[in-house]
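The values are calculated or read from the model by the stated rules, or taken from the named source; none is laboratory data. As the structure is a prediction and not an experimental result, all values here were calculated from the model. Using ideal geometry, Cβ is built from the backbone for each residue, glycine included, and neighbour counts are taken over all protein chains shown.
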Amino acid sequence: MKNIIDRERAEKSQKKLSFILYFLGWCLAIFLAFRGDTLLAAIVPIVMTILFLSAIFYVDSLLFLENITYALLNLCLGSFLEFLLIRLNAISYQIADETFCPLWVLSLYPLFGLFLHHQLGFFKTRKLAGFFLGALGGCYLYYGCEKLSLVHVIDYPRAGLLWGLYFALALFVSFDVERARKKTLHDKNKKALFTLLFDDSCKVCSYEISLLRKKSQTSLQYVDISSPSYDPRNCRGISKEEAMKVIHGYFEGEKTDTGPQVLSSLYAKTGHENLSFLLNLGLIRIFADPLYRLFARYRHFFKKNKNQLD
């Protein structure tokens, strides 16, 4: 109960801090850019972002990873948005070349991402509302910046449409990174027994399991499917042939998982929360699933020799 109360207090503090730092960073960046000091205008949001991430780092390392991951992803999304805005002739900047936006504009996206991540949670599951908020907010933002001669808006509807799409996608990514952290913590704190079916005849698999066993807890059970004594009846009826195709794992009383999802649960249970978090990210899973399947298919090249098996 005490941990829950402390977590709620920490979340409230993070919301306040993200609002204060974003407001200061945005106002100072706009003011400095208006005065023509674009280098300092770029530095200020970066400093504010670092301050926020530093404050989180000393509270919770996994929460820090969630926030820095989202800040970097939002920088990528913002860079792509600015590229489209300029290439599709929606806007043009007064102090920039014809292909990209000023550095001070890009430096605002990680800070804005942290603000969005902590302040606009209501819209994370309401993407359509987020789209309209982004479209209207983007147009209003450009209207104000145009009055300061920082940007020239060529096509407001096009700029609003692109901002709406960006905002909806940014909310989706925010929801995904938060879900990845919560999934990692959920697996880590489960009291139920986690059973892992692994192939000890594979050099890579055996070496990794030997390292993970050093940090194993009592709620973990390792079953070697290459052993002659392997009995499917003790492992939910999973045949040896089926288990050899892809890694299997399950919590007692829950469904059986396969592939990278098993590894993410295993890493969470063995104290490797950062690896678990990364494997739980939707963007990582897009690549992790086919790469793991490829490894599992050709892992016979890493089989132990007879002496090693003995």
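See the values below:
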{"read-out": "Residue within region 212-228 that is closer than 25 Å to ARG293 by Cα, among the aromatic types (Phe, Trp, Tyr) and in contact with a helix residue (DSSP H, G or I) (Cβ under 8 Å, 6 or more places away or on another chain) present", "value": "yes"}
{"read-out": "Strands (runs of 3 or more DSSP E) lying entirely in region 125-230 (those with 3 or more residues that are free of Cβ contacts under 8 Å to residues at least 40 places away in the same chain)", "value": "220-224"}
{"read-out": "Selection status of GLU66, in contact (Cβ under 8 Å) with a residue 12 or more places away in the chain, touching a Leu at 6+ places or on another chain (Cβ under 8 Å) and of a type in the set (Asp, Glu)", "value": "no"}
{"read-out": "Among (1) surrounded by 17 or more Cβ atoms within 10 Å (Cβ to Cβ); (2) in contact with a strand residue (DSSP E or B) (Cβ under 7 Å, 6 or more places away or on another chain); (3) not in a loop (DSSP other than H, G, I, E, B), the one test that CYS101 misses", "value": "(3)"}
{"read-out": "Condition met for ILE56 (closer than 25 Å to PHE175 by Cα, at pLDDT 95 or above and either polar (S, T, N, Q) or surrounded by 14 or more Cβ atoms within 10 Å (Cβ to Cβ) (or both))", "value": "no"}
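Yes or no, residue by residue, for (1) within 23 Å of LEU171 (Cα to Cα); (2) out of contact with any helix residue (DSSP H, G or I) (no Cβ under 9 Å at 6 or more places or on another chain); (3) surrounded by fewer than 22 Cβ atoms within 10 Å (Cβ to Cβ); (4) among the hydroxyl-bearing types (Ser, Thr, Tyr):
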position: LEU39; (1), (2), (3), (4): no, no, yes, no
position: ALA42; (1), (2), (3), (4): no, no, yes, no
position: ILE46; (1), (2), (3), (4): yes, no, yes, no
position: LEU77; (1), (2), (3), (4): yes, no, yes, no
position: ARG87; (1), (2), (3), (4): no, yes, yes, no
position: LYS127; (1), (2), (3), (4): yes, no, yes, no
position: GLY130; (1), (2), (3), (4): yes, no, no, no
position: GLY134; (1), (2), (3), (4): yes, no, no, no
position: GLY137; (1), (2), (3), (4): yes, no, yes, no
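To keep it simple, each residue is scored yes or no on (1) among the acidic types (Asp, Glu); (2) touching a strand residue (DSSP E or B) at 6+ places or on another chain (Cβ under 9 Å); (3) modelled with pLDDT of 95 or more.
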{"position": "GLY137", "(1), (2), (3)": "no, no, no"}
{"position": "GLU146", "(1), (2), (3)": "yes, yes, no"}
{"position": "VAL151", "(1), (2), (3)": "no, yes, no"}
{"position": "LEU165", "(1), (2), (3)": "no, no, yes"}
{"position": "LYS191", "(1), (2), (3)": "no, no, no"}
